[in-house]
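Working notes, beginning with the structure itself.
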Amino acid sequence: MHDFFEKDLEIFEMIENKARQIASYYGFKPVSTPVVEKADLFIKSEDEDNPLVEKEMYAFRTRGGDHLALRPEGTPPIIRAYFEDGLQSWPQPVALYYSGTYYRHESPQRGRYREFRQFGLEFLGEPEAISDALVVNVFNIIFKELGIKSFIFHINTLGDKECRKSHRRDLLNFLKRKKERLCKECKKRSLINPLRFFDCKEPDCEELKKEAPLMINYLCDGCKAHFKNLVEILDELEIPYYLNNNLVRGLDYYSRTVFETFIEKDAKEEKPAEYSLSVCSGGRYDYLSEMLGFRPLNAVGGAIGIERLAWHIGRKEEKKETEVFLAQLGNEAKRKGLKIFEELRKAKIAASQSFTKDSLKAQLATADGLGAYFTAILGQREIIDGTAMIRDMKTGAQETVPQDKLIEYLKSKLKEK
Ligand code: HAM
């Protein structure tokens, strides 16, 4: 669990404001449910033989003996609220949005926290694929409006109760036949929940996935038509998607549509964990309300992981704050540097400096940390020659430029970035 300050909080707020504004335009109404619920609400939302959510839940007994839990996610509470608060009598379908904190006892790593924020959408009471497309489209517009350029929706279908049976049977037989090639974890869990095999990232299992029976080949006519319809609408709306037949999702209640959104790796960047983590995900959950003991209710939804999305936005903004870092070596360079720093400001080039540091190595490290595109270095030789050394921080290439041409040179170089 983390503390957050000014900058992160500003980005969280910006994401939530934008998301709220777009969701409202598309007819979604706000809802807020408690942070604490009966633990049973979440336990019932998973397969009996796959108590994944239960294991990850912060659950406790109250003095009065109630078994409660910090909510690990937002979907079961929305179904509970729909029936308990009489939303059945509202004009149907009911479209809701929410944001808040969620709690999962996962092993912490970057991008996977124990307290995290989500912005979610739930569309209740509509079986047709148009509602799946609407949910995906609202997320699509939110990402676009937030200036995220390279995102993609991975989508798949898990079929329904009926067509899933024969897939499960064939998948189980396949996994039993290939048991020797499965990783340790998959050997253990494949008999309990064979679909989880598709989540495995071990190289041997990745290789086996290429031969494994896929749900897409087992769909009944109804599920096939539903998925085809969804894909056609996504095409029509020009939503970037990739048909990922290995996508199964971690929660057990999904049927038919599932999706996860990824921000694509910028080929020039190294690969931090966040690139392989979804920034948004969801799907259709037509059976969840019955699992919770209510009457059947068609529903589809999804949620954005706010910290994960904020990380991408923050990275971009930080870079914009420093385009050029001015490094200097020696007293004369400092004096000259102050003048050039002011020229950079007048030229509206986003520049940073640390005039109190003397080591070039430390200054380059600061420039790197700020994500500067270029560092302008003023050493003793440059002061004598009236030049500056410009270092491209990505390629490491260096070029010597006369000081009186510096601004012009940097302006033209920055245009290429
Ligand atoms: P989920 O995939 O578990 O789905 O979470 C949705 C999003 O929340 C993920 O794509 C991710 O961005 C973020 N997230 C999940 N776990 C963490 C974590 N430990 N730390 C940081 N971010 C995280 C659900 O929760 C479903 N309720 C979504 C849904 C709504 N399905 C239908 N309606």
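The values are calculated or read from the model by the stated rules, or taken from the named source; none is laboratory data. None of the values given here were measured: they were computed from a predicted structure. Reconstructed Cβ throughout: ideal geometry from the backbone, glycine too, with neighbour counts over all protein chains shown. What goes into the accessible areas is simple: the full protein's heavy atoms, side chains included, and nothing from ligands, DNA or RNA. Shrake-Rupley method; radii C 1.70, N 1.55, O 1.52, S 1.80 Å.
Numbers below:
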quantity	calculated
Thr62 at pLDDT 95 or above, out of contact with any Pro (no Cβ under 8 Å at 6 or more places or on another chain) and open to solvent by 20 Å² or more (accessible area, probe 1.4 Å)	yes
Only listed residue being open to solvent by 40 Å² or more (accessible area, probe 1.4 Å) and touching a Leu at 6+ places or on another chain (Cβ under 9 Å), chosen from Glu323, Glu416, Glu408	Glu323
Within the stretch 202-250, considering residues that are within 16 Å of the ligand (Cβ to nearest atom) and assigned to a loop (DSSP other than H, G, I, E, B), the one most open to solvent (accessible area, probe 1.4 Å)	Asn246
Residue check for Phe123: assigned to a strand (DSSP E or B) and under 30 Å from Pro30 (Cβ atoms)	yes
Members of the stretch 128-159 found to be open to solvent by 10 Å² or more (accessible area, probe 1.4 Å) and either without any contact (Cβ under 8 Å) to a residue 40 or more places away in the chain or in a helix (DSSP H, G or I) (or both), listed by number	Ile130, Leu134, Asn137, Ile141, Lys144, Glu145, Lys149
Condition met for Gly65 (in contact (Cβ under 8 Å) with a residue 60 or more places away in the chain, assigned to a loop (DSSP other than H, G, I, E, B) and away from the ligand (no atom under 13 Å from the Cβ))	no
Filtered residue count, the stretch 155-204, keeping only those that are among the hydrophobic types (A, V, I, L, M, F, W, C), over 28 Å from Gly302 (Cα atoms) and at pLDDT 90 or above	5
Hits in the stretch 345-372 - residues which are open to solvent by 60 Å² or more (accessible area, probe 1.4 Å) and outside any helix (DSSP H, G or I)	Lys348, Gln353, Thr356, Lys357, Asp358
Matching entry among Arg114, Arg110 (being open to solvent by 80 Å² or more (accessible area, probe 1.4 Å), within 22 Å of the chain's Cα centre (by Cα) and under 17 Å from Val279 (Cα atoms))	Arg110
Meets criteria (within 10 Å of the ligand (Cβ to nearest atom) and free of Cβ contacts under 8 Å to residues at least 12 places away in the same chain) for Ser107	yes
Residue check, Ser45 under 24 Å from the mean Cα position of the chain (by Cα), open to solvent by 60 Å² or more (accessible area, probe 1.4 Å), within 15 Å of the ligand (Cβ to nearest atom) and hydroxyl-bearing (Ser, Thr, Tyr)	no
